1. Which FRET efficiency value, to the nearest 0.05, do you get for Thr220 and Arg120 by plugging their Cβ-Cβ distance into 1/(1 + (r/R0)^6) with R0 = 22 Å?
2. If each of Glu61 and Glu97 carries a label point 7 Å out from its Cα toward its Cβ, how far apart are those two points in nm?
3. Where the only charges are on Cβ atoms (+1 Lys, Arg; -1 Asp, Glu), what is the dipole of the chain about its Cα centre, to the nearest 20 debye?
4. Any chance you could run the full-extension gain for Thr199 through Ala81? It's 0.36 nm times the residue separation minus the Cα-Cα distance, nm to one decimal.
5. Relative to the longest principal axis of the C-alpha atoms of the chain, give the angle of the C-alpha long axis of helix 80-94, reported between 0 and 90° and rounded to the nearest 10°.
6. So what's the convex hull volume per residue for the Cα atoms of region 74-138, in Å³?
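Taken together, the values in this text are just the output of simple stated rules run on the coordinates, not laboratory data. All of these numbers come straight from a predicted model, not from anything done at the bench. Note that each Cβ is placed from the backbone with ideal geometry, even for glycine, and that neighbours are counted across all protein chains shown.
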Amino acid sequence: MSPLAAAAKAATNRIPIVFTAGGDPVRQGLVDSLNRPGGNLTGMFFLATAVESKRLGLLRELVPNAAKIAVLWNPNSPGGAPQLREIQDAAHAVGQELIVLGASSETEIDKSFAAIADHRIGALLVAADPLFTNRRDQILALAAHHALPAIYYLREFAAFGGLMSYGASLPEAFRQVGTYTGRILNREKPGDLPIMQPTKFELIINLKTAKALGLSIPATLLAQADEVIE
């Protein structure tokens, strides 16, 4: 569950709350349904955990010869299990071998990357999770140290040296959140406002990192990119 949204929900059932959540807010108990949230909450569902299969496909397109791909996920995350199932189902459908590595702390992230070296992994998918956002610099440094091609879920990972990211456009999403806030200030009820979902997803590729890894980005992938960092 989104910790801030959960804390706000626990604190009041009267004050309107507009939240952002990477995982399904219905599954997490924040709202009754996406179309009719009910109560005093509404907001944005980033679908961060619902596009993992797309990220896996992009990573395979970039590193088609990777016999093994590792998935870094947080088993303590409320949305972690369905998130991992999506990745595993997508991998099974194309015959991709996965090495699943769980990490719920800074120390466990270090241990997971040590295991990556032992398994001779060809690429890495970092699943969407607030812990990994908070430990961004640690994860980027470890991926660089192991010379590991990786895909992430936020533009900021690619902007700060990660190879590639695919996910919702945060500026566009927050603009939509601002619109809802204005509507609530104009006396609309949050429980009557459907949970928003992203309308724009971005593929970001860092060519400088690709060069450091000795990777040539396929023209078909470059053509899909919304931003190329050089």
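1. My answer for the efficiency is 0.25.
2. A separation of 2.5 nm, rounded to one decimal place.
3. 420 debye
4. Once the chain is fully extended between Thr199 and Ala81, it gains 40.0 nm.
5. 50 degrees
6. About 81 Å³ per residue, rounded to a whole number.
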